[in-house]
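Everything on this sheet refers to the single structure shown next.
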Amino acid sequence: MFFCRPFLVLLLTTFGYAATVSPVDWALALNFPATPEQDEQRTPSPYGDEVASRYFSNHEGTVCMAVKFTYPMATLQDSKSALYENTLQSLVRARPGIVIDQASFSLGSYSGHRLRLFYKTSNISREARVVLIGGSLYLLNAEWPGEGEPPSAIADFIRNPTLQPGFEDARLSEENGRWRTITLGQFAVRYDASRWYRDPNSNEKNLCYLLRVDQQAEAEFRVEAEPPPTTTVGEHVLANARETASSIKVLNQGKKYCGTKLVENLEFAVQTGTARFVNHGYFYRSPKGTVYLRAWADEGAYAQISGDIAELLSGLKVLP
């Protein structure tokens, strides 16, 4: 889970002690009863860091907290039920209490889940709500003294968040939330984070690897300042492959438009020992540098995932 202090802009409008919080990369604007503090946490996972951005306030015996969880891979709406259940169960396990009520709730075109708890020994009531918006999970948590309904300011915080502009349409928000961008120098690649994730062990300045979620394909995104010493970038790639391959067969080679840029398109099969892989790449050379974007998979699996590979390659962009 992660909190991005350098990347969040906090807009606070203060009336007395109240504060409306609307970070620019959040889907929600929230009405805190007091100006909140903010922090972040990163939790390593096999797919990269999970990031949690948190705002929290303690005011006159009440506690309000809002957390945005961003994952290395996009979380889609069809998996939200399990995500909601696991998140709320973890809250109860971490701090067991008496479950007073739980049910679904609606926030615009989104469906979330809420849970109400009471802690008898401390005489504290608690309400937690979770909702998935744009591939990120939002957790709202409020606590107040006594077993009754929350004070009006607490109820406003937990029950009346506002969707920020651009997040009103759940289907459009989910589609936008699937996509991530990696930038190296003057080049970028846009990829579907529900199918690919960035290799967390790939931290070089001008090189990164992407792995397909089912582990059936890999991709390389590499940028070099100097052009290769051969006639074309594709020929340079083939020359390097021949150094270790027992055989190479070019399946497709030519030019292709990627956006407004004409790139080299190269598809070839490589055999090394008993293993046989199919590579597909886009390559481009300009005064800004040379970019290599290629993906490969076992020949037996390639036919099923070649469309996803082509989609990944089409996300290549030369930045202005």
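For (1) loosely packed, with under 15 Cβ neighbours inside 10 Å; (2) in the same structural domain as ASN141 (by TED's automatic domain parsing); (3) at pLDDT 95 or above, each residue gets a yes or a no:
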residue: LEU91; (1), (2), (3): no, yes, no
residue: PHE105; (1), (2), (3): yes, yes, yes
residue: ARG116; (1), (2), (3): no, yes, yes
residue: TYR119; (1), (2), (3): no, yes, yes
residue: ILE124; (1), (2), (3): no, yes, yes
residue: ARG129; (1), (2), (3): no, yes, yes
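Got at least one residue in the stretch 168-175 being without any contact (Cβ under 8 Å) to a residue 12 or more places away in the chain, out of contact with any strand residue (DSSP E or B) (no Cβ under 7 Å at 6 or more places or on another chain) and closer than 17 Å to LEU30 by Cα?
no
Against the definition (in contact with a His (Cβ under 6 Å, 6 or more places away or on another chain) and either surrounded by 13 or more Cβ atoms within 10 Å (Cβ to Cβ) or at pLDDT below 90 (or both)), how does PRO23 come out, yes or no? Break it down stepwise before answering.
Numbers: in contact with a His (Cβ under 6 Å, 6 or more places away or on another chain): no; either surrounded by 13 or more Cβ atoms within 10 Å (Cβ to Cβ) or at pLDDT below 90 (or both): yes.
No, not satisfied.
Only one of VAL92, VAL130 is free of Cβ contacts under 8 Å to residues at least 60 places away in the same chain and assigned to a strand (DSSP E or B); which?
Values: VAL92 fails: assigned to a strand (DSSP E or B).
Answer to the check: VAL130.
Which residues, counting only those in the stretch 233-262, are touching a residue at least 40 places away in the same chain (Cβ under 8 Å) and assigned to a loop (DSSP other than H, G, I, E, B)?
Answer for the stretch 233-262, where residues must be touching a residue at least 40 places away in the same chain (Cβ under 8 Å) and assigned to a loop (DSSP other than H, G, I, E, B): just GLY259.
Against the definition (closer than 24 Å to VAL291 by Cβ, out of contact with any helix residue (DSSP H, G or I) (no Cβ under 9 Å at 6 or more places or on another chain) and charged (D, E, K, R)), how does GLU168 come out, yes or no?
No; evaluated as a whole, the condition is false for this residue.
Within the stretch 176-203, restricting attention to residues that are touching a Phe, Trp or Tyr at 6+ places or on another chain (Cβ under 6 Å) and assigned to a loop (DSSP other than H, G, I, E, B), which residue is modelled with the lowest pLDDT?
SER202
So that you can scan it fast, the table gives a plain yes or no per residue for (1) without any contact (Cβ under 8 Å) to a residue 40 or more places away in the chain; (2) in contact with a strand residue (DSSP E or B) (Cβ under 7 Å, 6 or more places away or on another chain); (3) in a loop (DSSP other than H, G, I, E, B):
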position	(1), (2), (3)
GLN38	yes, yes, no
ALA66	no, yes, no
SER79	yes, no, no
LEU83	no, yes, no
THR87	no, yes, no
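The values are calculated or read from the model by the stated rules, or taken from the named source; none is laboratory data. Nothing here was measured: the structure is a model prediction, and the numbers come from that model. Heads up, the Cβs are rebuilt from the backbone with ideal geometry, glycines too, and the neighbour counts pull from every protein chain shown.
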